[in-house]
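The values are calculated or read from the model by the stated rules, or taken from the named source; none is laboratory data. Here the structure is a predicted model, which means the values were calculated and not measured. Every residue, glycine as well, gets a Cβ built from its backbone with ideal geometry; the counts of neighbours run over all protein chains shown. With ligands, DNA and RNA removed, areas are computed over all heavy atoms of the protein, side chains included. Shrake-Rupley method; radii C 1.70, N 1.55, O 1.52, S 1.80 Å.
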Amino acid sequence: PGAEGLRDTGPGAYLGGPWRQFARLTLAQPERWRGGLVLTQEPGESSPVLVAAAAQIHVNRLIRQVNLGDYTLQLGQGLLLARGLSFARGADPILGAKAPLPGLAPYLATNRGAALRGAAVEFARGPWQAIAFVSHQRLDATPTDAADSLWADPEAWTNLRRAGRYRTAAERARRGNL
């Protein structure tokens with residue numbers, strides 16, 4: 001609905017105000033542990049949404065680190081799992097684009113669909129390194145109407161959403177359906 005959704009009082013009206021808020025808490029003891037959480041509230045949302053929460057513990061030489069919560073992986077030169085490029089501001093156009101460091105890292109940013117959620121452990125011994133991980137994250141989706149679909153499957157879903165905005169009653173109804 002755009003900005004008109006903030007003024008509308010009908011069924012497509014936004015439930016919250018016109019402001020955008022962001023809060024990040026990060027705590028760390030270097031070389032031992034770090035963690036944090038990220039909350040955002042987009043225009044039209046009635047309350048802040050937890051976007052990311054992560055904890056990373058450095059254990060010993062064999063178990064290099066344990067990550068709980070949101071994390072990212074960069075494996076196989078980016079062909080298996082990748083975080084993508086990030087861009088920084090600056091005068092040099094080449095140095096502004098940087099590839100992420102390989103391996104496992106906690107995720108504390110606002111892009112709601114860019115991380116895995118679960119647990120990961122990084123093992124290392126000499127030149128060898130292995131990462132075991134498990135991830136489970138519910139997605140926002142709309143169930144298909146059997147009358148409007150080519151498939152009569154009641155478990156079919158459409159309109160997978162990664163934006164993570166919950167401004168209207170319909171957007172809230174799609175939250176975590178899949």
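Quick notes on this structure:
- Hits in the stretch 40-78 (condition: at pLDDT below 90, farther than 23 Å from Arg125 by Cβ, part of a strand (DSSP E or B) and of a type outside the set (Gly, Ala, Ser)): Thr40, Gln41, Val49, Leu50, Val51, Thr72
- Candidates are the residues of the stretch 1-39 that are more than 26 Å from Ile57 (Cα to Cα) and of a type in the set (S, T, N, Q); the one that is modelled with the highest pLDDT is Gln21.
- Scanning the stretch 115-168 for residues that are open to solvent by 60 Å² or more (accessible area, probe 1.4 Å), at pLDDT 65 or above and over 19 Å from Ala52 (Cβ atoms) yields Phe123, Arg125, Gly126, Pro127, Trp128, Gln129, Pro143, Glu155, Thr158, Asn159, Leu160.
- The stretch 106-130, subset part of a strand (DSSP E or B) and over 20 Å from the mean Cα position of the chain (by Cα), residue nearest to Thr72 (Cα to Cα): Glu122
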